[in-house]
Amino acid sequence: QAKQEGRNDYRLFSREMNHQQHKLLAMETALRNAVETGEGLAVFYQPQVNRTDRTLAGAEALARWHHPAFGHVSPAEFIPLAERAGLIVPLGMSLLHNVAAQQRHWLDQGLLPVPVSVNLSTQQFWQHNLLVQFRHLLMEHRLPAGLIGIELTENVLLDKPVQAIPLLDGLRELGFTIAIDDFGTGYSSLSYLQDLPIDTLKIDRSFIQRLGESRSSNAILAAVTGLARELEYKIVAEGVETEAQMQALAPYPVDLIQGFLTGRPVPAETFAREWLDSIKQSG
Ligand code: C2E
Ligand code: MG
Ligand code: MG
Ligand code: MG
């Protein structure tokens with residue numbers, strides 16, 4: 001009897017596995033199709049505001065994917081899927097061109113643009129012709145330098161720091177700004193920061209959530225922001241959701257806030273309407 005139940009459990013489990021694998025495979029096919037056609041893919045923009053007066057300082061471009069059968073799929077799910085399926089390079093490139101074209105469009109409309117930063121996956125960063133592609137991006141869209149930023153996680157750079165530095169230098173010479181994303185979640189040491197040619201440090205959301213919880217988490221935040229300030233990096237606090245968290249951040253040298261409190265990621269048109277001023281108005 002027990003044996004039989006065991007076998008049934010196994011069959012159930014195996015069927016469940018098949019179901020999961022089948023779904024993953026179907027999703028991969030759907031994503032491949034989306035990357036080819038652009039269908040269902042979009043870029044949302046989340047404002048980054050100055051801490052002191054909450055005026056707009058920039059935005060982060062965040063990929064969105066909607067599929068008729070799968071619904072809204074989180075980038076936390078489809079970006080890793082794209083990486084495993086060898087789709088991240090074409091997907092990343094099309095998102096990058098989407099953002100560059102959007103910036104060009106806003107300029108042509110007479111809107112006062114702000115820098116928009118784009119997330120780069122490991123495989124994208126280590127493409128052999130990265131600098132050529134990024135130079136072409138600016139030329140193709142006739143974009144002035146400084147309107148596109150690049151976000152990389154610590155782990156991207158940690159693998160091969162010696163090879164990463166000339167690439168970062170090259171990107172910055174072209175006019176791109178470099179931010180380290182999710183800082184504090186990887187394994188990099190504080191001292192390693194000083195060797196990196198970067199512009200911005202984005203403090204991971206987990207630090208903001210733990211603020212005030214313990215003396216040690218506050219001490220870590222103080223050390224990280226203190227050093228970043230010393231190195232003259234711009235400091236962004238990610239994931240600020242409440243006024244209480246905003247208050248708790250007051251003692252630390254944070255420049256910009258990016259979180260649901262000050263603005264959620266929204267479609268391009270909404271972002272322009274709610275956040276961008278016309279050049280004439282502000283002149
Ligand atoms: P990330 O680069 O750290 O982006 C910030 C994430 O935090 C976004 O999630 C954003 O919606 C979310 N967020 C912002 N403020 C708050 C807040 O106050 N509270 C909470 N709980 N969350 C907040 P999203 O859009 O789901 O993206 C997740 C991750 O997917 C991104 O993390 C990034 O690693 C990756 N990703 C998104 N778009 C792209 C892309 O175009 N290319 C690549 N390579 N990765 C991307
Ligand atoms: Mg990011
Ligand atoms: Mg982040
Ligand atoms: Mg992240």
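Looking across the range 179-206, the residues that are away from ligand 4 (no atom under 16 Å from the Cβ) and not aromatic (Phe, Trp, Tyr) come down to SER189, LEU190, SER191, LEU193, GLN194, ASP195, LEU196, PRO197, ILE198, ASP199.
Per-residue answers, yes or no, for (1) within 16 Å of ligand 4 (Cβ to nearest atom); (2) within 21 Å of VAL49 (Cα to Cα); (3) at pLDDT below 95; (4) of a type in the set (Ser, Thr, Tyr):
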{"residue": "ALA85", "(1), (2), (3), (4)": "no, no, no, no"}
{"residue": "GLY92", "(1), (2), (3), (4)": "yes, no, no, no"}
{"residue": "HIS97", "(1), (2), (3), (4)": "no, no, no, no"}
{"residue": "ALA101", "(1), (2), (3), (4)": "no, no, no, no"}
{"residue": "ARG104", "(1), (2), (3), (4)": "no, no, no, no"}
{"residue": "HIS128", "(1), (2), (3), (4)": "no, no, yes, no"}
{"residue": "LEU138", "(1), (2), (3), (4)": "no, no, no, no"}
{"residue": "LEU168", "(1), (2), (3), (4)": "no, no, no, no"}
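Each row is one residue, and each column tells you yes or no for (1) surrounded by fewer than 18 Cβ atoms within 10 Å (Cβ to Cβ); (2) outside any helix (DSSP H, G or I).
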| site | (1), (2) |
| --- | --- |
| LYS202 | no, yes |
| ALA219 | yes, no |
| VAL224 | no, no |
| GLN247 | yes, no |
| VAL254 | no, yes |
| ARG264 | yes, yes |
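GLY259 passes every criterion in (1) within 16 Å of ligand 4 (Cβ to nearest atom); (2) in contact with a Phe, Trp or Tyr (Cβ under 9 Å, 6 or more places away or on another chain) apart from (2).
For the range 86-105, indicate whether the set of residues that are surrounded by fewer than 18 Cβ atoms within 10 Å (Cβ to Cβ), small (Gly, Ala, Ser) and within 16 Å of ligand 3 (Cβ to nearest atom) is non-empty. Within the range 86-105, not a single residue is surrounded by fewer than 18 Cβ atoms within 10 Å (Cβ to Cβ), small (Gly, Ala, Ser) and within 16 Å of ligand 3 (Cβ to nearest atom). Pairs meeting the criteria (first residue in the range 230-243 and under 20 Å from ARG172 (Cα atoms) and within 16 Å of ligand 4 (Cβ to nearest atom), second residue assigned to a loop (DSSP other than H, G, I, E, B) and of a type outside the set (Ser, Thr, Tyr), beta carbons under 8 Å, at least 6 apart or on different chains) are VAL236/VAL254; VAL236/ASP255.
Tallying residues that are surrounded by 18 or more Cβ atoms within 10 Å (Cβ to Cβ) and within 12 Å of ligand 1 (Cβ to nearest atom) within the range 116-153 yields 13. Residue pairs whose Cβ atoms lie under 8 Å apart, sitting 6 or more positions apart in sequence or on different chains, and linking a residue in the range 255-269 that is hydroxyl-bearing (Ser, Thr, Tyr) to a partner that is crowded, with 19+ Cβ neighbours inside 10 Å, are THR262/PRO47; THR262/VAL49; THR262/VAL240. Contact map, the range 159-183: residues that are in contact (Cβ under 8 Å) with a residue 40 or more places away in the chain paired with residues that are within 16 Å of ligand 2 (Cβ to nearest atom) and basic (Lys, Arg), Cβ distance under 7 Å, separation 6+ or inter-chain. Pairs shown: ALA179/LYS202; ASP181/LYS202; ASP182/LYS202; PHE183/LYS202. Could you go through the range 202-210 and let me know if any residue there is away from ligand 3 (no atom under 16 Å from the Cβ) and closer than 27 Å to LEU96 by Cβ. No, every residue in the range 202-210 fails to be away from ligand 3 (no atom under 16 Å from the Cβ) and closer than 27 Å to LEU96 by Cβ.
The values are calculated or read from the model by the stated rules, or taken from the named source; none is laboratory data. Note that the coordinates shown come from a computational prediction; the quantities given were computed from them, not determined experimentally. Glycine gets a Cβ as well: all are built from the backbone with ideal geometry, and neighbour counts include every protein chain shown.
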